[in-house]
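Report on the structure given below.
The values are calculated or read from the model by the stated rules, or taken from the named source; none is laboratory data. Bear in mind that the values here come from a model prediction, so they are computed numbers and not experimental data. Note that each Cβ is placed from the backbone with ideal geometry, even for glycine, and that neighbours are counted across all protein chains shown.
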Amino acid sequence: MTTRRAIIGLGAVALGYVALTKGGTALWARLGPLPDFSTEGMPAGFRKQVGAAELSAGLANPLIGIDDGSAPLPADTLDDAALCRALFADVSPGRVPLSYFTDYNCPYCRVLGRDLREFAMARPDSAQLIHHELPLLGVSSVLGAHAALAARKQSAYDLMHARLNTGVVRITQSYIEALAGEFGLDAQQLLADMSAPDVAAQLSLSNGAAHRFGVIGTPFLLIGRTAIFGRIDPTTLERIFEDELASEASYSCAV
C-alpha cells in the first residue's frame, strides 16, 4: 500500500512538473477550455480572444496611399457591407478565412506568418489564408506593402512577400528593383503599379478594416469571425479554427 501511494505521489509530482514546462503548456492548450471571448468593441457578428497580446505597436500610418494623393479610409466610413467585402470577398465556399494583417518590420508577424502558411497548406479544403498589408511601422513598411501589392499584378505576390518578410534587409526602392529583376518581373511596370490607384485603394481598405477592430499594432488575425490581437500558438489556432469551422458561420456578403 505504501509503495502504491508512493508511486501515485511521484506520478502527481511528475504531472505537476510537466504542467509547468513547455510540454505541459501545450497539453493544456490542447485539452483545456477554449480561451475566453468578448464581443466588446467588435463589429456586429465578430468576437475577440481575451488575453495578453504580443504586438509590434504602431499608429495608423498617414503615408498609406499618399502616392496618388489619397488618404487612409477612416474607420467611420467603412460600413458593415464594405467590411465584409474587405474580409470575405475572395473566400472560397466551404473554407474558413484566415485574414492576416501584417507589417514587414514586425518580428512577431514573421513567426505567425510561417505558422499560418503551414496551417493553411495542411488544410487546403477548409482553410484559406488571405494577406492584408497593414504598414504601421515606418516608411519602409509602406514601401514594402506597395511593392507586394504591385507584384500581385504580375502574379508574384507570394515571392515578393516572402522576400520582404525576412527582416534581414532594409526595404528600399533599389532593393525592390533588384528583386523584380531576380523574379523576372517588369521592374518599370512594378514601380509604376506601386503608385496605382487600385493599390492605394486596397491598402486603404485593409487599413479601414483594421480600424473597425481597433487595431493598434501587428500581427492581427481574424480566424473566420474571431479576432486575435498578437501572436497565437499553433495549438490554440487549430482549436479556434475548428470551433469556427463547426459553427458554419457565413462569410457571404450578399445582401
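Here are some notes:
- Per-region count, region 104-138, residues outside any helix (DSSP H, G or I) and of a type in the set (Gly, Ala, Ser): 4
- In region 139-177, residue surrounded by the fewest Cβ atoms within 10 Å (Cβ to Cβ) [restricted to those that are part of a loop (DSSP other than H, G, I, E, B) and in contact (Cβ under 8 Å) with a residue 40 or more places away in the chain]: Thr166
- In region 226-237, the residue that is farthest from the chain's Cα centre (by Cα) out of those that are surrounded by 19 or more Cβ atoms within 10 Å (Cβ to Cβ) and in a helix (DSSP H, G or I) is Thr236.
- Among the residues listed as Ala201, Ala249, Ala180, the single one being of a type in the set (A, V, I, L, M), in a loop (DSSP other than H, G, I, E, B) and either surrounded by fewer than 21 Cβ atoms within 10 Å (Cβ to Cβ) or touching an Asp or Glu at 6+ places or on another chain (Cβ under 9 Å) (or both): Ala249
- Only one entry in Leu190, Leu136 is surrounded by 20 or more Cβ atoms within 10 Å (Cβ to Cβ) and modelled with pLDDT under 95, namely Leu136.
- Of everything in region 204-225 that is among the β-branched types (Val, Ile, Thr) and modelled with pLDDT under 95, the residue that is surrounded by the most Cβ atoms within 10 Å (Cβ to Cβ) is Thr218.
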